[in-house]
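First the structure, in the form of structure tokens, and then the observations on it.
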Amino acid sequence: MGFETVCYEAHDKPGGRAYVYEDEGFIFDAGPTVITAPHCLEELFELSGRRLADYVRLLPVSPLYRLRWSDGVSFDYVADEAGLLEQVRRVSPGDVDGYRRFADYTRRVFAKGYEELGAVPFLSFTDMLRAAPALARLRADRSVYALVSRFVKDEHLRQAFSFHPLLVGGNPLDTSCIYTLIHWIERKWGVFFPEGGTGALVRGLVRLFEDLGGTLHLESPVERIRLETGGGPPQHVVQAAGLPPAAFDLVVSNADVHHTYATLYRGVAGAQRRQRRLERMAWSMSLFVLYFGTRRRYPELAHHTILFGPRFKGLLRDIFHGDHLPADFSLYLHAPTVTDPGMAPAGGESFYVLSPVPHLGNAAIDWEAVAGAYGDAILESLESQLPGLRESIVVRRHFTPADFAAKFDAYHGSAFSVAPRLTQTAFFRPHNRDPDIPGLYLAGAGTHPGAGVPGVVNSAKATCDTIAADFRVGAGW
Ligand SMILES: Cc1cc2nc3c(=O)[nH]c(=O)nc-3n(C[C@H](O)[C@H](O)[C@H](O)COP(=O)(O)OP(=O)(O)OC[C@H]3O[C@@H](n4cnc5c(N)ncnc54)[C@H](O)[C@@H]3O)c2cc1C
């Protein structure tokens, strides 16, 4: 849009939750691995007359996920209708028609919730009222699990079509069924993995930003932002470690939204009220992530595997409302070498396994004390899928809720910011433009529409539209 733009990044590499670790030739994408809705990334490049494909190659992944349950049932979640119907029939022949009706419902939710409202900035209650009748017609008050259960009867299939809110920090038992639109996004476009890993997508985005004249300061944590309002338009004076203070007409913060108000804008009128409001909201769960590389390959693997434990509802209640670390788990296993063998040294695999766990506000777990043993227990359970796993591990590291708090200033160590509940969605989420602090805009997981790569890219789109209107410049779309 022609703005001179400076990006401050606290860490030594860009990417945020999509940071990359490299250990002894193994490449570990720290966070996002399931890239959906690639068109929102393509659109971002097209805005400046470039092509995403010239910056990074997105490789299709199939099956999208392999789902496995502790009773031995397995389900390949694929994008093509015939293949998916076949999988449904194999697990529960009586649910084929129900699945068809469920898919049709998700198509309608997608048309309303994603295509029409996904990148709209909900700045006023009127915006929300306009969307309300459609949300009511779609029965947005129902949870994902409750909605799916109206269509399919088999418990495995109910879980198979209900787990998606977990990908954006929501509990399937209380997240609005609007989030079933993720199913249609995956059916429509599939799931992708960037060649070279998610880090290659981050590098592509940074190259685009720098090609357009943006300045990136790494290892430059912003400590405070002062608002100067004397006379002319407000100026935001950014104080970052190691750099001289710099004044800007506007700031877009995608730092943790609580950190933005409680620390960066502390003392600025309106910030404390927002901070208190955020402290009353429900926050998404946290994650324990274990990264490990093996000296051997496991040729029978899928790229994305979800391993459901014996408990579903009980475990979800413990993760979202419990005050302790449950002894059992449901896991997501990432095996990127299936799609891109370059992610590990020849003959090896690079993995991460992720376990959703309570955030620190609910369960004050001493992660430093328990992380090693918790990781060991997860690896032991993975031996049923990956025989001889533990003796073939060459490198290993973990990331805990305490790390989310320490390294991302994440409130309660939450992995996905404010929880995606109906009462915390759209207008009820922190707004893309702060109502009280002139020139402060938000993007990222804590604002509308929410977490996930498509979510944060669409939040940026909604925010840029708002900035374009406020500063009377063309947004370019
Ligand atoms: C383990 C994991 C797996 C995930 N998997 C997927 C997936 O498969 N698919 C998907 O779509 N989504 C996934 N997600 C969600 C997705 O990664 C996030 O929702 C999204 O990346 C959040 O982007 P963001 O810009 O809001 O925040 P972040 O990525 O956290 O970016 C915020 C940035 O601000 C910087 N920062 C914070 N405070 C300051 C400060 N004071 N000064 C300077 N810099 C600061 C941080 O260092 C960071 O770089 C996953 C998340 C995690 C944690």
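Descriptive notes on the structure:
- Degrees, to the nearest 10: 125-137 long Cα axis against longest axis of the chain: 20 degrees
- Sorting 8-16, 448-456 by average packing, meaning the other beta carbons within 10 Å per residue, from highest down gives 448-456, 8-16.
- Calculated FRET value between Glu223 and Ala364, using beta carbons and R₀ = 25 Å, to 0.05: 0.40
- Diagonalising the gyration tensor over the Cα atoms of the range 38-181 and scaling each eigenvalue by 5 before taking the square root yields semi-axes of 29, 23, 13 Å, largest first.
- Coupling constants for the range 70-82 follow from the phi torsions by the Karplus curve (6.51 cos²θ - 1.76 cosθ + 1.60, θ = phi - 60°), and in residue order they are 5, 8, x, 6, 9, 8, 8, 7, 10, 7, 7, 4, 4 Hz; glycine and proline get x.
- Note on the range 1-153: dipole from Cβ charges, positive end direction compared against Gly94, Gly113, Ser48; the farthest Cα belongs to Gly94.
- Arg203, Arg158 arranged by Cβ crowding within 10 Å, fewest neighbours leading: Arg203, Arg158
- Loop-located GluC sites (Glu not before Pro) in the range 374-426, at most 13 other Cβ atoms within 10 Å (DSSP): Glu383
- The count of lysine pairs in the chain with alpha-carbon distances below 20 Å, taking only pairs 8 or more places apart or on different chains, stands at 4.
- The spacing between the range 340-398 and the range 416-471, judged by their C-alpha centroids, is 33 Å.
- From phi via Karplus (6.51, -1.76, 1.60), per-residue ³J(HN,Hα) for the range 446-457 in Hz, x at Gly/Pro: x, 10, 6, x, x, 6, x, 4, x, x, 6, 5
- Built amide H within the under 5 Å cut-off of His11, gap 5+: Glu219, Ser220
- Put simply, the amide H of Arg433, placed in the peptide plane, has neighbours under 5 Å in Leu442, leaving out anything fewer than 5 places away on its chain.
- Full extension of the chain between Glu383 and Glu42 gives 118.8 nm of extra length, using 0.36 nm per residue less the Cα-Cα distance.
- Label point of Asp376 set 7 angstrom out along Cα-Cβ; within the range 304-327, amide nitrogens under 19 Å from it belong to 325-327.
- The chain, relative contact order in percent, only Cα pairs under 8 angstrom and at least six apart counted: 22 percent
- Label point at Ala53 placed 7 Å out along Cα→Cβ; residues across the range 172-204 whose backbone nitrogen lies under 11 Å: none
- With q set to 0.13, 0.14, 0.28 Å⁻¹, the log10 of I(q)/I(0) for the range 232-280, from the Debye formula over equal scatterers at the Cα positions, is -0.34, -0.39, -1.15.
- Linear extension gain, Lys313 paired with Arg207, 0.36 nm per residue minus alpha-carbon span: 33.8 nm
- Share of pairwise Cα separations in the chain, more than 41 Å, in percent: 15 percent
- In this simple spin-label approximation, Phe3 and Glu81 carry label points 7 Å from Cα along the Cα→Cβ vector, and these lie 4.3 nm apart.
- Karplus-derived 3J(HN,Hα), 6.51/-1.76/1.60, for each residue of the range 413-427, Hz, glycine and proline x: x, 5, 7, 10, 6, 4, 5, x, 8, 4, 6, 10, 10, 6, 4
Bear in mind that the values in this text are calculations on the coordinates, not laboratory data. Treat the numbers as computed from the prediction; the structure is a model and nothing was measured. Ideal geometry is used to build each Cβ from the backbone, glycine not excepted, and the neighbour counts take in all protein chains shown.
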